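Note sheet for the following structure.
The values are calculated or read from the model by the stated rules, or taken from the named source; none is laboratory data. Computed from a predicted model, the values in this text were never measured in an experiment. Here Cβ is always computed from backbone atoms with ideal geometry, including for glycine, and neighbour counts include all displayed protein chains. Please note that ligands, DNA and RNA were not included when accessible areas were found on the heavy atoms of the full protein model with its side chains. Shrake-Rupley method; radii C 1.70, N 1.55, O 1.52, S 1.80 Å.
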Amino acid sequence: MSEGQQPPLSETSGTAEETANAEHAKVQPADAPGSAPVAAETLQTNVTCSRGFPQWLAMNNCSLAFTSYQTGQLFLVGTLPNGSLSLHQRNFVRAMGLIADSQRMLLAGLAQIWRFENVLAPNERANQTFDKLYVPRRGQTVSDLDVHELGVDNAGRLLFVNTKYSCLATDSVVHSFKPVWRPPFISKLAPEDRCHLNGLAMDNGVPRYVTSVSTSDIVDGWRNQRRDGGVIVDIETDEIVAEGLSMPHSPRLHDGALWFLDSGNGYLTRLDLQSRKKDRIAFCPGFLRGLSFYNGHAVVGLSLARREGVFSGLNLQDELEKRKGEAWCGLQIINTNNGDIVEWLRLEGGIKELFDVRIIPGVRCPMALPTFGPDLASFITIEAPDRPLSERGFQAAALPQ
C-alpha cells in the first residue's frame, strides 16, 4: 500500500513500508514536518543485514524499534511471512527516547512525547502481514527540552530525562514539565545542559540509575569532560556508582547487574553493583547509544563517530585504528555470555546516527501510522461499549415522517 492510502481494519492493512530481504534494501525518507528540507538523494540509505538477522527475530518471536534523531525517523523491524526482513519507517522531528511493548509505544520528539496504541486484535493482520498497528493517540507537548530516555513508573507516570535542565522530570497537565530529581552536583534548574544527563535505568517500575557525560555545574560544561568525565548516579542515594567513563549512555538493569554503553570507548559494559567492578563485554565499531536485552542477547545501536565536534578526541577512534576498522551505523546483536556479535544490521548513506533501540517481544511484524496527514485523519476505530447502549437508557429519537 502506498503512502496516503487509508488502511482498512476488516482484514487490517498497513501504510507505506520499506521491505528488506536478508541482503539489501534502500530507505529514502521524506522530509519531516518542521524540519529543514533535505534533498532525497542526501537521505537515501542502503540497508544490509547479516544472513541470519531475520531468522534471529523469527526464532526469538520478537521485533525491533529504533530511532534516528539526526534524520528524524522511527524504524520498526520485523519479519514477513516469507521469512524476509520488514523495515517500516515513519518521520518524527528529532526522534529520541523510545519505549515499546506489544500494546503501547512511547516516543520522544522535538517538542512532544507521543503515545501510540496497537489497535489490532490478536487474530487481525495488516495487509495480511503486520500483526501490530501502532496508532498515535496522545501527543504531550513538553517543548524543546532535549528529552533523551523515557520511563514509566509503577503508578503509570511518565518519566523522562530532561537533558536541557539537567534533571529527571515528568509531564504536567498545565506546564512543560515537573521536576522529579536532579543530580547532587547540579545546583539549580537552568536551561543550560550542564552535565548532559542522558540515560535512565528503571528497576521494576522505579527510576534507579542515570548516566551523565560529566558532573559539570556550568552551562555546556560537559563538553570539556567527554573523554573520561562520565558517571552513573544512583537516584535513590545520590551516590556515584561508576566514574571515569567516556560519554556513557543507556543504563539498563539486567540479570542482577547494571549494564551500560561506554560510548566514547566503544564498549558494552557490565557493572557489578556490589564490587563496583566494570567488565567490558564487547567492542562495537561505532559510537554506542540504545540498549535492549532479550533471551541472553543484547541489541546495541551504533552511530558513525564523527571526527569533529562532540565525538572528536575520544578513545573510540584509537580503538578503531588499532583494530584496523571503521565506524559504522546500525544495530548489533550480542551474546551476553561471551560477547560474540551474532547478527547485525547496517545503514549506509544519509542515516549516520541512531539514539535508542528496543526489542518488542511477541511481535513479528509491526507498523505505525503517522501523527499527521490523511492516513491518520481518516483512520477511525471504535471501542465496543461496556454494554448495549439501550441498557443504559439511551434511545435513538424517532425520525419525523
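Some values worked out for this structure:
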{"read-out": "Stokes-Einstein D (µm²/s) once Rh is taken as the Kirkwood radius of the range 260-313 over alpha-carbon pairs, at 10 °C in 1.306 mPa s", "value": "132 µm²/s"}
{"read-out": "Accessible heavy-atom area order of Asp279, Asp318, highest first, probe of 1.4 Å", "value": "Asp318, Asp279"}
{"read-out": "Relative contact order (%) - the chain, alpha-carbon pairs under 8 angstrom, separation at least six", "value": "18 percent"}
{"read-out": "Residue order for Arg280, Arg138 - accessible surface, 1.4 angstrom probe, largest first", "value": "Arg280, Arg138"}
{"read-out": "For the range 127-281, alpha-carbon Rg over 2.2 N^0.38 Å", "value": "1.10"}
{"read-out": "Pairs beyond 24 Å (Cα-Cα), from Lys188/Lys278; Lys324/Lys352; Lys188/Lys352", "value": "Lys188/Lys278; Lys188/Lys352"}
{"read-out": "The range 240-283 - charge dipole about Cα centre, Lys and Arg +1 at Cβ, Asp and Glu -1, debye rounded to 20", "value": "40 debye"}
{"read-out": "Built amide H within the under 5 Å cut-off of Val119, gap 5+", "value": "Leu133, Val135"}
{"read-out": "Signed unit charges on C-beta, dipole axis of the chain, positive-most listed residue Ala190, Cys62, Leu369", "value": "Ala190"}
{"read-out": "Accessible area in the full protein assembly, largest first, 1.4 Å probe, for Asp228, Asp101", "value": "Asp228, Asp101"}
{"read-out": "FRET efficiency, Ala121 to Glu326 (Cβ-Cβ, R0 56 Å, nearest 0.05)", "value": "0.75"}
{"read-out": "Charge dipole (debye, nearest 20) of the range 153-224; +1 at Cβ of Lys and Arg, -1 at Cβ of Asp and Glu", "value": "80 debye"}
{"read-out": "Net lengthening on full extension, Asn61/Arg280 (0.36 nm per residue, minus Cα-Cα)", "value": "76.0 nm"}
{"read-out": "Residue among Glu383, Glu149, Glu239 with the largest mean-square fluctuation in a Gaussian network model of the chain, springs linking Cα atoms under 10 Å", "value": "Glu383"}
{"read-out": "Mean residue ellipticity (222 nm) of the chain, computed from DSSP H runs ≥ 4 via -39,500 (n - 2.57), nearest 500", "value": "-1500 deg cm²/dmol"}
{"read-out": "For the chain, size of Cβ-based charge dipole, Lys and Arg +1, Asp and Glu -1, in debye", "value": "180 debye"}
{"read-out": "Full-stretch length increase - Leu389, Val206 - with 0.36 nm per residue and alpha-carbon distance subtracted", "value": "61.8 nm"}
{"read-out": "Solvent-accessible area, 1.4 Å probe, carbon plus sulfur percent, for the range 123-186", "value": "44 percent"}
{"read-out": "Relative packing of 104-110, 285-291, which averages over residues the other C-beta atoms within 10 Å, highest first", "value": "285-291, 104-110"}
{"read-out": "Extension gain, Glu236 back to Ser312 (0.36 nm per residue minus Cα-Cα distance, nm)", "value": "24.0 nm"}
{"read-out": "Extreme residue, positive dipole direction of the chain, given options Ala384, Phe293, Leu253 (C-beta unit charges)", "value": "Leu253"}
{"read-out": "Solvent-accessible area per residue, Å², over the chain with all protein chains present [probe radius 1.4 Å]", "value": "44 Å²"}
{"read-out": "Charge tally in the Cβ shell below 11 Å around Val241, where Lys, Arg are +1 and Asp, Glu are -1, Val241 excluded", "value": "-3"}
